[in-house]
Amino acid sequence: MKKLTLILTAVFVLSLSSGVAMAATSSDSLPNPGLTPDSPFYFLEEWMDSISMFFSFSKDAKAQKALSIANEKLAEAKAMAEKGNQKAASVAEKDYEKYMDEATQDATEAKAEGKAKALEQIQDATARHEATMQEVLNQVPEQAKDSIQHAIDESAKGHENATDAISGEKKDQKEQPEVSEPKEKPEQPSNPEKPENSGMSKNGD
């Protein structure tokens, strides 16, 4: 009974933290990190992330959900790096890499279905991620710099992949030849009937 109460309490705390994370944003455009890898309840957040991905059905929806989770993971990595907790920062950075890869893959597949919105969101978000983490790199303790640099590299890779996918789509649209309807050939007049040859050879009278 005590164990069940503890789990329910943890879920309640997690839901509050998630609500804050969705509502609050910092000046660097990253969400509030909410629960971080140094929390004993962090496994519940990972569980909730997996469930939310499971219930995102289309490729476009999965891509946008994965990007949203990646934003939170990057905020967690930043918070842990600023605390000097290299181990926790590394956990969050690896989760960021995982969800960014999922977002890019699903967005690329969604583009094949005619939906490029998620790719454009990834392109924009990763550019902001890279700029933000470059600033953080100069502020965190030395032992946390590796995780931040990995996050920067992943942001750059995600931005490049999204840009290439979008550019490829525009290139395909530009190079696609226009199909012109075949011109109808004018009807050929039917051959007029030749008059019967009346100039038959005449026998001499």
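The values are calculated or read from the model by the stated rules, or taken from the named source; none is laboratory data. Treat the numbers as computed from the prediction; the structure is a model and nothing was measured. We place every Cβ from the backbone using ideal geometry, glycine too, and count neighbours over all the protein chains shown.
Are any residues in the range 44-60 of a type outside the set (Asp, Glu) and over 18 Å from residue 158 (Cα atoms), and if so, which ones? Let's see the steps before the verdict.
As a first pass, look at the range 44-60 and keep what is of a type outside the set (Asp, Glu): 44, 47-48, 50-59.
Result: 44, 47, 48, 50, 51, 52, 53, 54, 55, 56, 57, 58.
Are any of the residues in the range 29-41 surrounded by 15 or more Cβ atoms within 10 Å (Cβ to Cβ), among the aliphatic types (A, V, I, L, M) and at pLDDT below 90?
Narrowing the range 29-41 to residues surrounded by 15 or more Cβ atoms within 10 Å (Cβ to Cβ): 30-39, 41.
Now narrow it down to the ones that are among the aliphatic types (A, V, I, L, M): 30, 35.
Cutting the leftovers down to at pLDDT below 90 gives us 30.
Within the range 29-41 (the criterion being surrounded by 15 or more Cβ atoms within 10 Å (Cβ to Cβ), among the aliphatic types (A, V, I, L, M) and at pLDDT below 90), the answer is yes, since at least one residue qualifies.
Out of the residues in the range 53-74 that are more than 12 Å from the chain's Cα centre (by Cα) and either farther than 20 Å from residue 117 by Cα or of a type outside the set (S, T, N, Q) (or both), which is surrounded by the most Cβ atoms within 10 Å (Cβ to Cβ)?
That would be 74.
Here is a check on your reading of the model: is residue 158 under 16 Å from residue 104 (Cα atoms) and surrounded by 13 or more Cβ atoms within 10 Å (Cβ to Cβ)? Outline the logic, then answer.
Values: under 16 Å from residue 104 (Cα atoms): yes; surrounded by 13 or more Cβ atoms within 10 Å (Cβ to Cβ): yes.
For residue 158, the condition - under 16 Å from residue 104 (Cα atoms) and surrounded by 13 or more Cβ atoms within 10 Å (Cβ to Cβ) - is met.
Look through the range 102-147, keep the residues that are acidic (Asp, Glu) and touching a residue at least 24 places away in the same chain (Cβ under 8 Å), and return whichever of them is farthest from residue 70 (Cα to Cα).
Initially, the range 102-147 is screened for residues acidic (Asp, Glu), giving 102, 106, 109, 113, 120, 124, 130, 135, 142, 146.
So of that shortlist, the ones also touching a residue at least 24 places away in the same chain (Cβ under 8 Å) come out as 102, 106, 109, 113, 120, 130, 135, 146.
Working: 102: 9, 106: 14, 109: 18, 113: 23, 120: 15, 130: 13, 135: 19, 146: 18 Å.
Checking each candidate, the answer is 113.
Checking residue 141 against (1) out of contact with any Gly (no Cβ under 6 Å at 6 or more places or on another chain); (2) modelled with pLDDT under 85; (3) of a type outside the set (Phe, Trp, Tyr): exactly one of these is not met. Which one?
Every condition holds for residue 141 apart from (1).
Inspect all residues belonging to the range 7-15 and state whether any of them is assigned to a helix (DSSP H, G or I) and either modelled with pLDDT of 95 or more or among the hydroxyl-bearing types (Ser, Thr, Tyr) (or both).
First, pick out the residues of the range 7-15 that are assigned to a helix (DSSP H, G or I): 7-15.
Next, from what is left, pick out any that are either modelled with pLDDT of 95 or more or among the hydroxyl-bearing types (Ser, Thr, Tyr) (or both): 9, 15.
Yes, the range 7-15 contains at least one residue that is assigned to a helix (DSSP H, G or I) and either modelled with pLDDT of 95 or more or among the hydroxyl-bearing types (Ser, Thr, Tyr) (or both).
Please find, within the range 77-129, the residue that is surrounded by the fewest Cβ atoms within 10 Å (Cβ to Cβ) out of those that are polar (S, T, N, Q) and in a helix (DSSP H, G or I). If you could, list the steps in order and put the result at the bottom.
Going through the range 77-129, the residues polar (S, T, N, Q) turn out to be 85-86, 90, 104-105, 108, 121, 123, 126.
If we keep only those that are in a helix (DSSP H, G or I) as well, we get 86, 90, 104-105, 108, 121, 123, 126.
Values: 86: 18, 90: 18, 104: 25, 105: 15, 108: 22, 121: 17, 123: 20, 126: 26.
Filtering first and then ranking leaves 105.
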